[in-house]
Amino acid sequence: LNPALVPPPFAEIRPLRTAMERVFTTQAVARGTAWLARNTGMLQRVLASSGAQPDALTRSRYETLFTNPMHVAGTLAMMSRWELPALVRDARRLATPLVCLAGAADRWVSTEQLERVLRGIPCATLT
């Protein structure tokens, strides 16, 4: 999968981002998301929408993670605090090579979007 370096369209709209952070990091949302993943086929649709075709073992691992409310809460909290523009800005100062692997079938982050972001990082290459 492509690295999650491409910010969502609303990332620069601070009030919307703050509101979404408050909503998506509640325990109710984490429990509800885990319930949906366990009971509705949501997980299979999410995986299919990404373009990934995981084998049965990998799907079962995703199911273990997606159906655990504590894992969902931690993941949503982590993602809500990502400062992608700052990460990309700071990555420009890396002294070591940054190699990014792009999934050819990734439907969530296009290779073109990722290439645009990586152009600003001198040590980055895309494979």
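List of remarks:
- Residues of the range 118-127 that are within 25 Å of A48 (Cα to Cα) and surrounded by 13 or more Cβ atoms within 10 Å (Cβ to Cβ): L126 alone.
- Matching residues in the range 63-89 - criterion: being part of a helix (DSSP H, G or I), under 19 Å from R17 (Cβ atoms) and open to solvent by 50 Å² or more (accessible area, probe 1.4 Å): M78, M79, P85, L87, R89
- Scope the range 90-115; condition of a type in the set (K, R) and touching a residue at least 24 places away in the same chain (Cβ under 8 Å); matching residues: R92, R107
- Meets criteria (of a type in the set (A, V, I, L, M, F, W, C) and out of contact with any helix residue (DSSP H, G or I) (no Cβ under 6 Å at 6 or more places or on another chain)) for A73: no
- Within the range 92-104, the set of residues being open to solvent by 60 Å² or more (accessible area, probe 1.4 Å) and in contact with a helix residue (DSSP H, G or I) (Cβ under 9 Å, 6 or more places away or on another chain) comprises just one member, A104.
The values are calculated or read from the model by the stated rules, or taken from the named source; none is laboratory data. All of these numbers come straight from a predicted model, not from anything done at the bench. Reconstructed Cβ throughout: ideal geometry from the backbone, glycine too, with neighbour counts over all protein chains shown. In case anyone asks, the SASA skips ligands and DNA or RNA and just uses the protein heavy atoms, side chains included. Shrake-Rupley method; radii C 1.70, N 1.55, O 1.52, S 1.80 Å.
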